[in-house]
């Protein structure tokens with residue numbers, strides 16, 4: 001593992017900061033989105049009105065997007081149905097690059113033109129960087145509601161987060 005693969009291209013407070021203007025300023029045409037703690041809280045079944053509005057703005061501005069999740073198909077399919085997304089990747093096995101590459105194929109864009117947005121360094125950022133996507137790390141929505149495995153990964157993220165703070169990438 002290369003340490004540089006754990007460092008995101010950018011860090012933001014939340015998904016609502018990933019606007020069409022933000023993407024266009026960086027030469028990006030598509031977005032790969034994680035679900036849990038990125039778009040909505042962990043295991044929350046329905047998207048909020050703000051998320052639906054953001055995705056509608058993506059559509060109206062010509063930004064392509066796809067959901068990539070390590071969750072099982074029923075969870076991802078139910079969520080994607082609510083946001084009007086027919087193409088998605090479930091059981092993505094992040095941080096493997098394959099799910100991101102599949103999403104790029106679905107979006108019909110090269111990975112270099114896609115922002116991959118998520119809340120975890122060892123799954124979302126690492127996978128995005130391995131696939132040559134523009135990796136954006138968000139603050140998780142609800143850290144306390146996660147399972148033991150994710151809590152353990154969050155503990156492992158602390159040194160990388162400290163490094164990002166030193167570099168001025170996060171506050």
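What follows is calculated from the coordinates using simple rules that are stated; it is not laboratory data. Source: prediction; values computed, not measured. Here Cβ is always computed from backbone atoms with ideal geometry, including for glycine, and neighbour counts include all displayed protein chains.
Brief remarks follow.
- Estimated 222 nm signal from helices in the chain, with DSSP H stretches of n ≥ 4 weighted -39500 (n - 2.57), rounded to 500: -11000 deg cm²/dmol
- With 0.36 nm allotted per residue and the present C-alpha distance subtracted, the residue 87-residue 46 stretch has 13.0 nm of extension available.
- Computed as a quarter of the hull surface, the mean projected area of the alpha carbon convex hull for the stretch 3-166 stands at 8.6 nm².
- In whole percents, the pair-distance distribution calculated for the stretch 62-123 from its alpha-carbon pairs, binned every 10 Å from zero, is 22, 58, 21, 0.
- Taking the average, over residues, of other Cβ atoms within 10 Å as the packing measure, peptides 23-32, 105-114 rank 23-32, 105-114 from highest down.
- Approximating the spin labels as points 7 Å out from Cα along Cα→Cβ, the residue 169-to-residue 56 distance works out to 3.4 nm.
- Once the C-beta distance of residue 25 and residue 5 is scaled by a Förster radius of 25 Å, the resulting FRET efficiency is 0.55 to the nearest 0.05.
- Zone of residue 142's modelled label, taken as backbone nitrogen in the stretch 12-54 under 19 Å from a point 7 Å along Cα→Cβ: 14-16, 34-52
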